[in-house]
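Below is one structure; the comments refer to it alone.
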Amino acid sequence: MGVVIIKYQSEQYWNSLIRMSLSRFFILRVLCCRSLHGYEITREVASLTEGCCAPTEGSLYPVLHEFERNGLVVSQLQVVDNRERKVYTLTKQGVAAYETAAGAWCRAARYILADVKDVDK
């Protein structure tokens with residue numbers, strides 16, 4: 001079995017980790033405002049984060065399915081222009097999860113920003 005070397009000094013490595021976590025947060029965030037279908041979720045997150053945390057189709061739907069299995073969102077099929085699409089709506093549990101995540105991210109951001117200021121000195 002080979003050893004996998006992760007490039008800890010690679011900005012791409014850290015950006016990938018940050019995007020994975022933050023995209024979940026921002027998916028909940030945009031669904032707090034209104035019900036959306038998948039493409040709208042991606043577009044709203046991209047707009048809100050200026051492209052930093054826009055989930056791809058390959059990463060969005062597994063997260064939405066996980067959120068649905070865990071009661072954070074419900075989905076409903078809608079027909080628009082003879083095309084079916086799933087629209088996702090945040091549940092009360094989803095709102096509570098978003099609020100918890102917002103608090104956690106605010107605390108983490110505070111510590112990160114304080115530490116970065118110390119490093120720059």
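The values are calculated or read from the model by the stated rules, or taken from the named source; none is laboratory data. Please read all numbers here as calculations on a predicted model, not as lab measurements. Heads up, the Cβs are rebuilt from the backbone with ideal geometry, glycines too, and the neighbour counts pull from every protein chain shown.
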I'm checking my understanding of the structure. Among residues of segment 12-44 that are of a type in the set (S, T, N, Q) and out of contact with any Pro (no Cβ under 7 Å at 6 or more places or on another chain), which one is farthest from Leu90 (Cα to Cα)? Gln12
Only one of Gly51, Gly71, Gly94 that is in a loop (DSSP other than H, G, I, E, B) and modelled with pLDDT of 95 or more: Gly71
Cross-chain or 6+ apart pairs with Cβ under 7 Å, segment 56-85 first and under 23 Å from Ile18 (Cα atoms) and of a type in the set (S, T, N, Q), then surrounded by 12 or more Cβ atoms within 10 Å (Cβ to Cβ) and modelled with pLDDT of 95 or more: none
Tell me which of these Ser23 doesn't satisfy, since it passes every other one: (1) surrounded by fewer than 16 Cβ atoms within 10 Å (Cβ to Cβ); (2) within 18 Å of Trp105 (Cβ to Cβ); (3) hydroxyl-bearing (Ser, Thr, Tyr). (1)
Please determine, by comparing only the residues of segment 93-116 that are loosely packed, with under 12 Cβ neighbours inside 10 Å and β-branched (Val, Ile, Thr), which one is farthest from the chain's Cα centre (by Cα). Val116
